[in-house]
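Encoded as structure tokens, the structure appears first; notes follow it.
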Amino acid sequence: MARIYVDADSMTERHRAIILRRAVGKDHSLYFVADRRLPDVDKAIAEDKRERRSRVRETATREEARRIGSEIHMIVVGKGQDSADDEIVRIAEPGSLAITHDIPLSKRLIDKGLIVIDDRGGRLDRSNIDARLSERRNNMIFREMGLFEGRQRRFDDRTIQAFAAAFDKALSELL
């Protein structure tokens, strides 16, 4: 069983749908961490719980079936800078998968021994994280100086497909 941690504050609904579609029903534990409830994740939790309970209705008592929960978890943290990041680092287990576009969080998770992919399908690891941190710092300096109007690229279908492929590959590595 794989453990997957999602920096849900930074993931679009399309990303979350891909994660849920590919991981639910395969007994992976999913942890979505955000500073607010996410209706699509709450709905997936309810559906997963119903499905798991229906599998044992013939063999379990009603009380036993009621105790069966979902392997999808929605963790809501207080608002504040890095509150979701800190919670992910706190609960994450080495050898698991994390999904985020937050570069400093990626560094913390890589140091803890997790596989990390970003929302565009990029793999972050010890070989490239320092360069990404440096690039991020430089872009911040340029923005503060008014020299860089760095707008984030939109998520087109190709970018979403790249994310889905990277997610599938990382999931395969875990198993």
Sorted by accessible area (1.4 Å probe), largest first, how do ASP111, ASP40 line up? ASP111, ASP40
List SER127, SER172, ordered by accessible area with a 1.4 Å probe, largest first: SER127, SER172
Relative to the longest principal axis of the chain, what angle (0 to 90°, nearest 10) does the C-alpha long axis of helix 157-174 take? 60
For a quick check of understanding: with a 1.4 angstrom probe and all protein chains in place, what accessible area in square angstrom does THR61 have, to the nearest ten? 80
Taking 0.36 nm per residue of sequence separation and subtracting the Cα-Cα distance, how much length would be gained by fully extending the chain between THR61 and ARG21, in nm to one decimal? 11.5 nm
With every protein chain kept in place and a 1.4 Å probe, the residues LYS49, LYS169 fall, from largest accessible area down, as LYS169, LYS49
(1) 17.4; (2) 16.8; (3) 16.3: which one is Kirkwood radius over Cα pairs in Å as calculated from this entry? (1)
Given a 1.4 Å probe and every protein chain left where it sits, what share in percent of the accessible area of the chain is carbon and sulfur? 47
Between ASP157 and LEU175, 0.36 nm times their residue separation minus their Cα-Cα distance comes to what? 3.8 nm
Relative contact order for the chain: what percent, with Cα pairs under 8 Å and sequence separation of 6 or more? 24
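The values are calculated or read from the model by the stated rules, or taken from the named source; none is laboratory data. Predicted model only: the values in this text are computed from it and were never measured. To get the accessible areas, we keep the full protein, side chains included, count just its heavy atoms, and leave off ligands, DNA and RNA. Shrake-Rupley method; radii C 1.70, N 1.55, O 1.52, S 1.80 Å.
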